[in-house]
1. Here is a check on your reading of the model: is S300 touching a Phe, Trp or Tyr at 6+ places or on another chain (Cβ under 9 Å) and under 20 Å from T455 (Cα atoms)?
2. For the stretch 402-423, how many residues are closer than 27 Å to V478 by Cα and buried (at least 19 other Cβ atoms within 10 Å of the Cβ)?
3. Looking at the stretch 104-119, which of the residues that are more than 9 Å from ligand 2 (Cβ to nearest atom) and within 14 Å of G60 (Cβ to Cβ) is surrounded by the fewest Cβ atoms within 10 Å (Cβ to Cβ)?
4. Which of the residues spanning the stretch 107-142 are touching a Phe, Trp or Tyr at 6+ places or on another chain (Cβ under 7 Å) and at pLDDT below 90?
5. Please list, ordered by first then second residue, the pairs with beta carbon atoms under 6 Å, 6 or more apart or interchain, first in the stretch 231-242 and assigned by TED's automatic domain parsing to the domain that holds T418, second of a type in the set (S, T, N, Q) and in a helix (DSSP H, G or I).
6. Can you give me the number of residues within the stretch 290-340 that are modelled with pLDDT of 95 or more, farther than 14 Å from A406 by Cα and part of a helix (DSSP H, G or I)?
7. Within the stretch 204-229, which residues are modelled with pLDDT of 95 or more, part of a loop (DSSP other than H, G, I, E, B) and surrounded by 19 or more Cβ atoms within 10 Å (Cβ to Cβ)?
8. Considering only residues that are without any contact (Cβ under 8 Å) to a residue 60 or more places away in the chain and not in a strand (DSSP E or B), look in the stretch 173-186 and name the one that is farthest from G447 (Cα to Cα).
Amino acid sequence: MQNENIKPARKKIPRNKISEQQPASRIKNFSEVELGFSDQQALLESQRCLMCKNPKCTLGCPVEIDIKGFISLIKDKKFHEALEKIREKNTMPGICGRVCPQEDQCEKECILGIKDDPVAIGKLERFLADYGIKNSKQNNSEETALHNNNSGTGKKIKAAVIGAGPAGLTCSGELAKMGYDVTLFEALHKAGGVLVYGIPEFRLPKSIVDGEVEYVKSLGVEIKLNSIVGKTYTIDELLDNGYTSVFIATGAGLPYFLGIPGENLNGVYSANEYLTRVNLMKGYLFPHWDTPVKRTSVVSVIGGGNVALDSARTAKRLGAEKVYLIYRRSEVEMPGRIEEIKHAKEEGIEMVFLTNPVEIKGENGWVKKITCIKMQLGDPDESGRRRPVTIPGSEHDIDTGIVVIAIGQGPNPVLMQTSPDISLNKWGNIIADDICKTNKKGVFAGGDIVTGAATVILAMGAGKVAARAMDDYMKTGVW
Ligand SMILES: Cc1cc2nc3c(=O)[nH]c(=O)nc-3n(C[C@H](O)[C@H](O)[C@H](O)COP(=O)(O)OP(=O)(O)OC[C@H]3O[C@@H](n4cnc5c(N)ncnc54)[C@H](O)[C@@H]3O)c2cc1C
Ligand code: SF4
(Lines give C-alpha, C1' and ligand atoms only; values in the text may rest on other atoms or scores of the structure.)
(Ligands and ions follow the chains in the order given, each with its own letter.)
Protein backbone atom coordinates (compact mmCIF):
# COMPACT_ATOMS: atom_id res chain seq x y z
CA MET A 1 0.00 0.00 0.00
CA GLN A 2 1.22 3.49 -0.85
CA ASN A 3 2.23 5.64 2.08
CA GLU A 4 0.61 9.04 1.68
CA ASN A 5 3.77 10.83 2.88
CA ILE A 6 5.86 9.53 0.01
CA LYS A 7 5.39 11.37 -3.24
CA PRO A 8 5.03 8.85 -6.06
CA ALA A 9 6.06 9.61 -9.61
CA ARG A 10 2.81 11.14 -10.79
CA LYS A 11 1.58 12.12 -14.16
CA LYS A 12 -1.12 14.71 -14.19
CA ILE A 13 -3.50 14.99 -17.11
CA PRO A 14 -3.04 18.50 -18.41
CA ARG A 15 -6.47 20.04 -18.01
CA ASN A 16 -6.46 21.10 -21.66
CA LYS A 17 -6.28 17.45 -22.63
CA ILE A 18 -9.67 16.85 -21.06
CA SER A 19 -11.80 16.84 -24.14
CA GLU A 20 -14.66 19.21 -24.45
CA GLN A 21 -16.42 21.03 -27.26
CA GLN A 22 -14.67 24.31 -28.03
CA PRO A 23 -16.60 27.48 -27.06
CA ALA A 24 -17.04 28.81 -30.61
CA SER A 25 -18.82 25.67 -31.75
CA ARG A 26 -20.62 24.68 -28.55
CA ILE A 27 -22.55 27.96 -28.26
CA LYS A 28 -24.31 26.94 -31.47
CA ASN A 29 -25.63 23.62 -30.20
CA PHE A 30 -27.19 21.97 -27.14
CA SER A 31 -24.91 18.92 -27.14
CA GLU A 32 -22.88 18.09 -24.05
CA VAL A 33 -19.88 20.36 -23.48
CA GLU A 34 -17.63 17.88 -21.67
CA LEU A 35 -16.87 14.75 -23.59
CA GLY A 36 -15.46 12.72 -20.70
CA PHE A 37 -12.27 10.73 -20.18
CA SER A 38 -11.02 8.12 -22.62
CA ASP A 39 -9.91 4.78 -21.10
CA GLN A 40 -6.34 6.00 -21.32
CA GLN A 41 -7.06 9.29 -19.56
CA ALA A 42 -9.00 7.51 -16.82
CA LEU A 43 -6.14 5.09 -16.22
CA LEU A 44 -3.63 7.91 -16.09
CA GLU A 45 -5.74 9.94 -13.69
CA SER A 46 -6.33 6.91 -11.43
CA GLN A 47 -2.56 6.53 -11.11
CA ARG A 48 -2.37 9.95 -9.48
CA CYS A 49 -4.33 8.66 -6.45
CA LEU A 50 -2.07 8.14 -3.43
CA MET A 51 -4.27 5.33 -1.99
CA CYS A 52 -4.25 7.17 1.34
CA LYS A 53 -4.45 5.11 4.51
CA ASN A 54 -7.18 7.39 5.84
CA PRO A 55 -8.76 8.76 2.70
CA LYS A 56 -10.22 12.18 3.30
CA CYS A 57 -12.05 12.15 -0.04
CA THR A 58 -14.72 9.71 1.21
CA LEU A 59 -15.37 11.92 4.24
CA GLY A 60 -16.21 14.71 1.80
CA CYS A 61 -18.73 12.58 -0.11
CA PRO A 62 -22.31 13.01 1.18
CA VAL A 63 -23.08 9.34 0.39
CA GLU A 64 -19.67 8.02 1.47
CA ILE A 65 -18.62 6.32 -1.75
CA ASP A 66 -15.48 4.18 -1.32
CA ILE A 67 -13.51 6.48 -3.62
CA LYS A 68 -10.11 4.97 -3.04
CA GLY A 69 -11.70 1.53 -3.63
CA PHE A 70 -13.16 2.39 -7.02
CA ILE A 71 -10.04 4.25 -8.14
CA SER A 72 -7.92 1.26 -7.23
CA LEU A 73 -10.18 -0.94 -9.42
CA ILE A 74 -9.78 1.51 -12.31
CA LYS A 75 -6.01 1.25 -11.90
CA ASP A 76 -6.41 -2.53 -12.37
CA LYS A 77 -8.61 -1.88 -15.43
CA LYS A 78 -11.55 -3.53 -13.62
CA PHE A 79 -14.05 -0.96 -14.86
CA HIS A 80 -17.24 -2.95 -14.24
CA GLU A 81 -16.16 -3.80 -10.73
CA ALA A 82 -15.25 -0.16 -10.12
CA LEU A 83 -18.74 0.89 -11.26
CA GLU A 84 -20.33 -1.67 -8.95
CA LYS A 85 -18.23 -0.28 -6.09
CA ILE A 86 -19.78 3.15 -6.71
CA ARG A 87 -23.26 1.68 -7.11
CA GLU A 88 -23.01 0.21 -3.60
CA LYS A 89 -23.57 3.78 -2.39
CA ASN A 90 -24.80 5.78 -5.39
CA THR A 91 -27.30 4.54 -7.96
CA MET A 92 -26.89 7.55 -10.27
CA PRO A 93 -23.16 7.91 -11.04
CA GLY A 94 -23.77 9.19 -14.58
CA ILE A 95 -25.69 12.12 -13.12
CA CYS A 96 -23.52 12.79 -10.07
CA GLY A 97 -20.30 12.49 -12.10
CA ARG A 98 -21.61 15.34 -14.23
CA VAL A 99 -23.37 17.74 -11.88
CA CYS A 100 -22.11 17.18 -8.31
CA PRO A 101 -20.10 20.09 -6.92
CA GLN A 102 -17.05 17.85 -6.36
CA GLU A 103 -14.86 20.89 -5.79
CA ASP A 104 -16.77 21.49 -2.53
CA GLN A 105 -17.03 17.84 -1.57
CA CYS A 106 -14.70 14.86 -2.25
CA GLU A 107 -12.18 16.77 -4.37
CA LYS A 108 -12.01 19.55 -1.78
CA GLU A 109 -10.85 17.00 0.79
CA CYS A 110 -8.45 15.11 -1.52
CA ILE A 111 -4.96 15.33 -0.05
CA LEU A 112 -3.45 16.06 -3.46
CA GLY A 113 -5.43 19.29 -3.59
CA ILE A 114 -3.21 20.88 -0.94
CA LYS A 115 -0.28 21.40 -3.29
CA ASP A 116 -1.61 20.32 -6.62
CA ASP A 117 -4.84 19.49 -8.46
CA PRO A 118 -6.95 16.97 -6.56
CA VAL A 119 -7.70 13.67 -8.27
CA ALA A 120 -10.52 14.31 -10.79
CA ILE A 121 -12.90 12.06 -8.82
CA GLY A 122 -16.06 13.33 -10.52
CA LYS A 123 -14.67 12.76 -13.98
CA LEU A 124 -13.61 9.22 -13.04
CA GLU A 125 -17.11 8.55 -11.70
CA ARG A 126 -18.63 9.80 -14.93
CA PHE A 127 -16.17 7.76 -16.96
CA LEU A 128 -17.31 4.57 -15.23
CA ALA A 129 -21.00 5.37 -15.64
CA ASP A 130 -20.52 6.02 -19.35
CA TYR A 131 -18.40 2.89 -19.68
CA GLY A 132 -21.24 0.94 -18.06
CA ILE A 133 -23.78 2.37 -20.51
CA LYS A 134 -21.58 1.63 -23.53
CA ASN A 135 -20.98 -1.89 -22.31
CA SER A 136 -24.60 -2.22 -21.12
CA LYS A 137 -23.86 -3.74 -17.79
CA GLN A 138 -24.43 -0.67 -15.71
CA ASN A 139 -27.59 -1.83 -14.05
CA ASN A 140 -26.66 -5.28 -12.91
CA SER A 141 -26.32 -4.55 -9.21
CA GLU A 142 -28.58 -6.15 -6.66
CA GLU A 143 -31.84 -5.79 -8.51
CA THR A 144 -33.73 -8.40 -6.64
CA ALA A 145 -35.63 -7.74 -3.47
CA LEU A 146 -33.52 -8.17 -0.37
CA HIS A 147 -36.41 -9.04 1.91
CA ASN A 148 -39.77 -10.49 1.17
CA ASN A 149 -41.79 -7.66 2.62
CA ASN A 150 -45.26 -9.03 2.41
CA SER A 151 -48.11 -8.56 4.74
CA GLY A 152 -48.49 -12.27 5.46
CA THR A 153 -51.08 -12.57 2.69
CA GLY A 154 -48.59 -12.99 -0.14
CA LYS A 155 -49.21 -9.35 -1.09
CA LYS A 156 -46.36 -6.87 -0.95
CA ILE A 157 -46.63 -3.87 1.37
CA LYS A 158 -47.39 -0.71 -0.60
CA ALA A 159 -45.40 2.52 -0.30
CA ALA A 160 -46.05 5.81 -2.11
CA VAL A 161 -43.39 8.30 -3.19
CA ILE A 162 -44.39 11.78 -4.37
CA GLY A 163 -42.07 13.53 -6.84
CA ALA A 164 -39.74 11.82 -9.33
CA GLY A 165 -36.63 13.95 -8.84
CA PRO A 166 -33.37 12.52 -7.46
CA ALA A 167 -34.80 12.17 -3.92
CA GLY A 168 -37.96 10.37 -5.02
CA LEU A 169 -36.24 8.16 -7.59
CA THR A 170 -33.58 7.08 -5.09
CA CYS A 171 -36.11 6.36 -2.34
CA SER A 172 -38.34 4.40 -4.75
CA GLY A 173 -35.41 2.33 -6.01
CA GLU A 174 -34.21 1.53 -2.49
CA LEU A 175 -37.71 0.53 -1.33
CA ALA A 176 -38.25 -1.65 -4.40
CA LYS A 177 -34.93 -3.40 -3.73
CA MET A 178 -36.18 -4.10 -0.21
CA GLY A 179 -39.24 -5.79 -1.67
CA TYR A 180 -41.94 -3.13 -1.35
CA ASP A 181 -44.63 -2.44 -3.93
CA VAL A 182 -43.75 1.17 -4.78
CA THR A 183 -45.83 3.73 -6.68
CA LEU A 184 -44.03 6.95 -7.63
CA PHE A 185 -46.40 9.86 -8.38
CA GLU A 186 -45.04 12.62 -10.63
CA ALA A 187 -46.85 15.84 -11.54
CA LEU A 188 -45.11 16.32 -14.89
CA HIS A 189 -45.33 14.15 -18.02
CA LYS A 190 -41.71 13.04 -17.57
CA ALA A 191 -39.78 11.69 -14.57
CA GLY A 192 -36.48 13.21 -13.42
CA GLY A 193 -37.42 16.46 -11.63
CA VAL A 194 -34.89 19.25 -12.06
CA LEU A 195 -32.65 16.82 -13.92
CA VAL A 196 -35.05 16.93 -16.87
CA TYR A 197 -36.76 20.31 -16.61
CA GLY A 198 -33.97 22.46 -15.17
CA ILE A 199 -30.42 21.31 -15.94
CA PRO A 200 -29.79 21.78 -19.67
CA GLU A 201 -28.90 19.05 -22.13
CA PHE A 202 -25.42 20.55 -22.66
CA ARG A 203 -24.59 19.76 -19.03
CA LEU A 204 -26.64 16.64 -18.48
CA PRO A 205 -27.93 14.75 -21.51
CA LYS A 206 -31.50 13.60 -20.96
CA SER A 207 -30.60 10.12 -22.21
CA ILE A 208 -28.50 9.71 -19.04
CA VAL A 209 -31.47 10.66 -16.84
CA ASP A 210 -33.79 8.40 -18.87
CA GLY A 211 -31.36 5.53 -18.26
CA GLU A 212 -31.54 6.07 -14.49
CA VAL A 213 -35.36 6.28 -14.60
CA GLU A 214 -35.49 3.03 -16.58
CA TYR A 215 -33.26 1.43 -13.96
CA VAL A 216 -35.69 2.43 -11.20
CA LYS A 217 -38.59 1.05 -13.26
CA SER A 218 -36.67 -2.18 -13.84
CA LEU A 219 -36.65 -2.65 -10.08
CA GLY A 220 -40.46 -2.84 -10.21
CA VAL A 221 -41.38 0.76 -9.33
CA GLU A 222 -44.61 1.92 -10.99
CA ILE A 223 -44.30 5.55 -12.09
CA LYS A 224 -47.61 7.39 -12.45
CA LEU A 225 -46.97 10.52 -14.54
CA ASN A 226 -49.29 13.55 -14.76
CA SER A 227 -50.36 12.86 -11.16
CA ILE A 228 -50.35 15.89 -8.90
CA VAL A 229 -50.71 14.78 -5.32
CA GLY A 230 -52.74 17.47 -3.63
CA LYS A 231 -55.00 17.69 -6.71
CA THR A 232 -55.43 14.16 -8.09
CA TYR A 233 -55.14 12.52 -4.66
CA THR A 234 -54.39 13.78 -1.16
CA ILE A 235 -51.87 12.19 1.18
CA ASP A 236 -54.72 11.00 3.43
CA GLU A 237 -56.37 9.32 0.45
CA LEU A 238 -53.12 7.49 -0.30
CA LEU A 239 -52.82 6.35 3.32
CA ASP A 240 -56.49 5.28 3.35
CA ASN A 241 -56.09 3.36 0.10
CA GLY A 242 -53.50 0.81 1.01
CA TYR A 243 -50.23 2.78 1.10
CA THR A 244 -48.60 2.10 4.46
CA SER A 245 -46.08 4.89 4.21
CA VAL A 246 -45.52 8.00 2.05
CA PHE A 247 -42.31 9.84 1.12
CA ILE A 248 -42.72 13.46 -0.01
CA ALA A 249 -39.98 14.60 -2.42
CA THR A 250 -41.66 17.44 -4.27
CA GLY A 251 -38.58 19.68 -4.44
CA ALA A 252 -38.35 23.46 -4.56
CA GLY A 253 -40.03 24.38 -7.82
CA LEU A 254 -41.60 27.71 -6.93
CA PRO A 255 -39.49 30.57 -8.29
CA TYR A 256 -38.77 33.68 -6.24
CA PHE A 257 -39.09 37.11 -7.86
CA LEU A 258 -37.32 40.38 -7.13
CA GLY A 259 -40.42 42.35 -6.17
CA ILE A 260 -39.40 45.35 -8.30
CA PRO A 261 -41.51 47.44 -10.72
CA GLY A 262 -41.81 45.99 -14.24
CA GLU A 263 -41.60 42.29 -13.35
CA ASN A 264 -44.97 41.69 -15.03
CA LEU A 265 -43.74 42.92 -18.45
CA ASN A 266 -43.66 40.52 -21.39
CA GLY A 267 -40.15 39.15 -21.78
CA VAL A 268 -39.57 38.64 -18.06
CA TYR A 269 -39.17 34.96 -17.24
CA SER A 270 -38.45 33.09 -14.06
CA ALA A 271 -35.45 30.82 -14.73
CA ASN A 272 -37.76 27.94 -13.94
CA GLU A 273 -40.13 28.82 -16.79
CA TYR A 274 -37.31 29.72 -19.20
CA LEU A 275 -35.41 26.48 -18.62
CA THR A 276 -38.56 24.33 -18.58
CA ARG A 277 -39.63 25.74 -21.93
CA VAL A 278 -36.23 25.09 -23.44
CA ASN A 279 -35.30 21.77 -21.78
CA LEU A 280 -38.44 19.84 -20.97
CA MET A 281 -40.64 21.27 -23.71
CA LYS A 282 -37.76 21.42 -26.23
CA GLY A 283 -38.35 25.10 -27.02
CA TYR A 284 -34.92 25.23 -28.65
CA LEU A 285 -36.35 23.04 -31.41
CA PHE A 286 -39.37 25.34 -32.04
CA PRO A 287 -41.23 25.22 -34.49
CA HIS A 288 -40.50 21.48 -34.87
CA TRP A 289 -41.63 21.23 -31.25
CA ASP A 290 -44.67 23.22 -30.09
CA THR A 291 -43.34 25.37 -27.25
CA PRO A 292 -42.00 28.81 -28.20
CA VAL A 293 -39.43 30.78 -26.23
CA LYS A 294 -38.60 34.40 -26.96
CA ARG A 295 -35.21 35.00 -28.57
CA THR A 296 -33.58 38.44 -28.51
CA SER A 297 -30.08 39.69 -29.19
CA VAL A 298 -29.57 40.92 -25.61
CA VAL A 299 -30.55 38.87 -22.56
CA SER A 300 -30.04 39.75 -18.89
CA VAL A 301 -29.99 37.01 -16.28
CA ILE A 302 -30.22 37.94 -12.62
CA GLY A 303 -28.41 35.71 -10.10
CA GLY A 304 -25.07 33.98 -9.53
CA GLY A 305 -25.85 30.30 -8.96
CA ASN A 306 -26.06 27.25 -11.21
CA VAL A 307 -29.59 28.16 -12.25
CA ALA A 308 -28.46 31.61 -13.42
CA LEU A 309 -25.44 30.16 -15.23
CA ASP A 310 -27.61 27.53 -16.94
CA SER A 311 -30.06 30.24 -18.04
CA ALA A 312 -27.31 32.51 -19.38
CA ARG A 313 -25.60 29.71 -21.31
CA THR A 314 -28.99 28.61 -22.67
CA ALA A 315 -29.71 32.17 -23.89
CA LYS A 316 -26.37 32.17 -25.68
CA ARG A 317 -27.25 28.92 -27.43
CA LEU A 318 -30.61 30.38 -28.46
CA GLY A 319 -28.67 32.99 -30.44
CA ALA A 320 -28.31 35.99 -28.09
CA GLU A 321 -25.29 38.11 -29.05
CA LYS A 322 -24.91 39.62 -25.60
CA VAL A 323 -25.81 37.86 -22.39
CA TYR A 324 -25.32 39.68 -19.10
CA LEU A 325 -25.20 37.81 -15.84
CA ILE A 326 -26.05 40.41 -13.22
CA TYR A 327 -25.04 39.47 -9.68
CA ARG A 328 -25.23 41.63 -6.58
CA ARG A 329 -22.07 40.27 -4.95
CA SER A 330 -18.58 39.64 -6.40
CA GLU A 331 -17.26 36.56 -8.21
CA VAL A 332 -15.80 35.13 -4.98
CA GLU A 333 -19.29 34.83 -3.48
CA MET A 334 -20.88 33.24 -6.55
CA PRO A 335 -22.59 30.01 -5.50
CA GLY A 336 -22.37 28.47 -9.00
CA ARG A 337 -19.94 25.62 -9.67
CA ILE A 338 -16.41 26.77 -10.58
CA GLU A 339 -16.45 24.69 -13.74
CA GLU A 340 -19.74 26.24 -14.89
CA ILE A 341 -18.44 29.75 -14.22
CA LYS A 342 -15.37 28.95 -16.30
CA HIS A 343 -17.47 27.52 -19.11
CA ALA A 344 -19.81 30.52 -19.04
CA LYS A 345 -16.89 32.96 -19.32
CA GLU A 346 -15.38 31.00 -22.19
CA GLU A 347 -18.73 31.21 -23.95
CA GLY A 348 -18.71 35.00 -23.71
CA ILE A 349 -21.23 35.51 -20.91
CA GLU A 350 -20.57 39.00 -19.52
CA MET A 351 -20.45 38.93 -15.74
CA VAL A 352 -21.74 42.15 -14.20
CA PHE A 353 -20.77 41.93 -10.55
CA LEU A 354 -21.79 44.10 -7.59
CA THR A 355 -24.90 45.22 -9.45
CA ASN A 356 -28.56 44.80 -8.53
CA PRO A 357 -31.72 45.50 -10.58
CA VAL A 358 -34.16 48.05 -9.16
CA GLU A 359 -36.65 48.36 -12.03
CA ILE A 360 -37.50 46.76 -15.37
CA LYS A 361 -38.66 49.26 -17.96
CA GLY A 362 -40.79 48.45 -20.99
CA GLU A 363 -42.37 49.75 -24.17
CA ASN A 364 -45.73 48.52 -25.51
CA GLY A 365 -45.80 45.93 -22.76
CA TRP A 366 -42.39 44.41 -23.62
CA VAL A 367 -39.09 44.66 -21.75
CA LYS A 368 -36.70 47.36 -23.03
CA LYS A 369 -34.26 48.18 -20.25
CA ILE A 370 -33.28 47.14 -16.81
CA THR A 371 -32.29 49.79 -14.28
CA CYS A 372 -29.56 48.63 -11.93
CA ILE A 373 -27.71 50.07 -8.96
CA LYS A 374 -24.07 49.48 -8.03
CA MET A 375 -23.31 47.61 -4.81
CA GLN A 376 -20.34 47.32 -2.49
CA LEU A 377 -19.57 44.57 0.00
CA GLY A 378 -20.14 45.26 3.69
CA ASP A 379 -19.88 43.02 6.77
CA PRO A 380 -20.62 39.28 6.52
CA ASP A 381 -24.30 38.30 6.81
CA GLU A 382 -25.81 35.14 8.38
CA SER A 383 -24.59 33.07 5.36
CA GLY A 384 -21.00 34.14 6.15
CA ARG A 385 -20.73 36.03 2.84
CA ARG A 386 -20.15 39.76 2.80
CA ARG A 387 -23.45 41.63 2.58
CA PRO A 388 -23.98 43.72 -0.56
CA VAL A 389 -24.85 47.35 0.19
CA THR A 390 -26.19 49.81 -2.41
CA ILE A 391 -24.09 52.78 -3.56
CA PRO A 392 -26.55 55.71 -3.64
CA GLY A 393 -26.77 57.60 -6.94
CA SER A 394 -25.19 54.79 -8.99
CA GLU A 395 -28.38 53.83 -10.89
CA HIS A 396 -27.84 53.10 -14.59
CA ASP A 397 -29.81 51.48 -17.43
CA ILE A 398 -28.88 48.37 -19.41
CA ASP A 399 -30.70 47.78 -22.72
CA THR A 400 -32.14 44.29 -22.84
CA GLY A 401 -34.82 42.26 -24.63
CA ILE A 402 -35.37 39.53 -22.05
CA VAL A 403 -34.86 39.35 -18.30
CA VAL A 404 -34.48 35.94 -16.67
CA ILE A 405 -34.77 35.92 -12.88
CA ALA A 406 -32.73 33.21 -11.16
CA ILE A 407 -32.53 34.29 -7.54
CA GLY A 408 -33.80 31.10 -5.90
CA GLN A 409 -36.77 28.79 -5.51
CA GLY A 410 -39.03 27.75 -2.66
CA PRO A 411 -41.36 24.80 -2.07
CA ASN A 412 -44.42 24.47 -4.28
CA PRO A 413 -47.43 24.90 -1.95
CA VAL A 414 -49.97 22.74 -3.90
CA LEU A 415 -49.43 19.52 -1.97
CA MET A 416 -49.22 21.12 1.44
CA GLN A 417 -52.46 23.06 0.98
CA THR A 418 -54.35 19.76 1.22
CA SER A 419 -52.21 18.43 4.08
CA PRO A 420 -52.34 21.24 6.65
CA ASP A 421 -51.53 18.78 9.46
CA ILE A 422 -47.89 18.45 8.27
CA SER A 423 -45.61 20.99 10.00
CA LEU A 424 -43.74 23.52 7.89
CA ASN A 425 -41.06 26.06 8.75
CA LYS A 426 -41.45 29.78 8.06
CA TRP A 427 -40.31 29.37 4.44
CA GLY A 428 -42.88 26.64 3.74
CA ASN A 429 -40.38 23.76 3.82
CA ILE A 430 -41.52 20.56 5.49
CA ILE A 431 -39.98 19.99 8.92
CA ALA A 432 -38.43 16.52 9.04
CA ASP A 433 -35.91 14.96 11.43
CA ASP A 434 -32.57 13.39 10.48
CA ILE A 435 -34.28 10.18 9.32
CA CYS A 436 -36.76 12.22 7.24
CA LYS A 437 -39.71 11.66 9.62
CA THR A 438 -42.36 14.39 9.60
CA ASN A 439 -44.82 15.04 12.42
CA LYS A 440 -47.50 12.97 10.60
CA LYS A 441 -47.58 9.22 11.22
CA GLY A 442 -46.32 7.22 8.25
CA VAL A 443 -45.22 10.31 6.31
CA PHE A 444 -41.56 11.05 5.53
CA ALA A 445 -40.03 13.90 3.51
CA GLY A 446 -36.62 14.73 2.02
CA GLY A 447 -34.67 16.57 -0.66
CA ASP A 448 -35.23 20.21 -1.56
CA ILE A 449 -38.75 20.24 -0.05
CA VAL A 450 -37.05 19.94 3.35
CA THR A 451 -33.68 21.62 2.88
CA GLY A 452 -34.64 24.31 0.34
CA ALA A 453 -32.79 24.40 -2.98
CA ALA A 454 -29.64 22.28 -2.46
CA THR A 455 -27.85 19.60 -4.51
CA VAL A 456 -28.63 16.39 -6.36
CA ILE A 457 -26.44 14.25 -4.12
CA LEU A 458 -27.99 15.61 -0.92
CA ALA A 459 -31.47 14.88 -2.33
CA MET A 460 -30.38 11.35 -3.22
CA GLY A 461 -28.85 10.90 0.24
CA ALA A 462 -32.18 11.91 1.81
CA GLY A 463 -34.01 9.40 -0.42
CA LYS A 464 -31.76 6.64 0.89
CA VAL A 465 -32.10 7.63 4.53
CA ALA A 466 -35.88 7.84 4.18
CA ALA A 467 -36.14 4.40 2.55
CA ARG A 468 -34.34 2.82 5.51
CA ALA A 469 -36.57 4.63 8.01
CA MET A 470 -39.72 3.73 6.06
CA ASP A 471 -38.60 0.09 6.00
CA ASP A 472 -38.29 0.13 9.80
CA TYR A 473 -41.70 1.76 10.17
CA MET A 474 -43.46 -0.55 7.72
CA LYS A 475 -41.97 -3.64 9.35
CA THR A 476 -42.65 -2.66 12.94
CA GLY A 477 -45.50 -0.15 12.77
CA VAL A 478 -43.59 1.81 15.42
CA TRP A 479 -43.59 5.54 14.80
C1 LIG B 1 -31.32 24.88 -13.26
C2 LIG B 1 -30.79 24.11 -12.09
C3 LIG B 1 -29.47 23.69 -12.10
C4 LIG B 1 -28.97 22.95 -11.04
N5 LIG B 1 -27.68 22.52 -11.10
C6 LIG B 1 -27.21 21.69 -10.14
C7 LIG B 1 -25.89 21.13 -10.22
O8 LIG B 1 -25.13 21.41 -11.14
N9 LIG B 1 -25.50 20.28 -9.25
C10 LIG B 1 -26.32 19.93 -8.21
O11 LIG B 1 -25.93 19.10 -7.39
N12 LIG B 1 -27.55 20.46 -8.08
C13 LIG B 1 -28.02 21.32 -9.02
N14 LIG B 1 -29.28 21.86 -8.90
C15 LIG B 1 -30.08 21.52 -7.71
C16 LIG B 1 -30.67 20.11 -7.79
O17 LIG B 1 -31.14 19.86 -9.08
C18 LIG B 1 -31.76 19.91 -6.75
O19 LIG B 1 -31.19 20.14 -5.48
C20 LIG B 1 -32.36 18.51 -6.81
O21 LIG B 1 -32.90 18.23 -8.08
C22 LIG B 1 -33.44 18.33 -5.75
O23 LIG B 1 -34.01 17.06 -5.89
P24 LIG B 1 -35.47 16.73 -5.35
O25 LIG B 1 -35.71 15.30 -5.70
O26 LIG B 1 -35.59 17.14 -3.94
O27 LIG B 1 -36.46 17.70 -6.17
P28 LIG B 1 -36.72 17.96 -7.71
O29 LIG B 1 -35.57 17.60 -8.57
O30 LIG B 1 -37.21 19.36 -7.76
O31 LIG B 1 -37.92 16.99 -8.06
C32 LIG B 1 -39.20 17.18 -7.49
C33 LIG B 1 -40.23 16.49 -8.38
O34 LIG B 1 -41.48 16.51 -7.69
C35 LIG B 1 -42.50 16.80 -8.64
N36 LIG B 1 -43.65 17.36 -7.90
C37 LIG B 1 -43.76 18.58 -7.31
N38 LIG B 1 -44.96 18.70 -6.70
C39 LIG B 1 -45.62 17.53 -6.92
C40 LIG B 1 -46.91 17.05 -6.54
N41 LIG B 1 -47.76 17.79 -5.82
N42 LIG B 1 -47.28 15.80 -6.93
C43 LIG B 1 -46.44 15.02 -7.68
N44 LIG B 1 -45.19 15.43 -8.06
C45 LIG B 1 -44.79 16.67 -7.67
C46 LIG B 1 -41.84 17.80 -9.57
O47 LIG B 1 -42.52 17.87 -10.82
C48 LIG B 1 -40.44 17.21 -9.71
O49 LIG B 1 -40.37 16.27 -10.75
C50 LIG B 1 -29.80 22.64 -9.93
C51 LIG B 1 -31.13 23.10 -9.89
C52 LIG B 1 -31.63 23.83 -10.96
C53 LIG B 1 -33.06 24.30 -10.90
S1 SF4 C 1 -8.70 10.53 -4.07
FE2 SF4 C 1 -7.27 11.94 -2.98
S3 SF4 C 1 -7.83 11.74 -0.75
FE4 SF4 C 1 -8.83 10.01 -1.88
S5 SF4 C 1 -7.38 8.29 -1.62
FE6 SF4 C 1 -6.86 9.30 -3.61
S7 SF4 C 1 -5.30 10.87 -3.10
FE8 SF4 C 1 -6.21 10.19 -1.15
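1. no
2. The qualifying residues number 3.
3. Going through the qualifying residues, I end up with I114.
4. N139
5. Close Cβ pairs (under 6 Å, with a partner that is of a type in the set (S, T, N, Q) and in a helix (DSSP H, G or I)) do not exist here.
6. Within the stretch 290-340, residues that are modelled with pLDDT of 95 or more, farther than 14 Å from A406 by Cα and part of a helix (DSSP H, G or I) number 2.
7. L204, G220, V221
8. Once the filter is applied, the top-ranked residue is G179.
The values are calculated or read from the model by the stated rules, or taken from the named source; none is laboratory data. What you see is a predicted model, and the numbers here were worked out from it, not measured in a lab. Don't worry about glycine lacking a Cβ; one is built from the backbone with ideal geometry, like all the others, and counts go over all protein chains shown.
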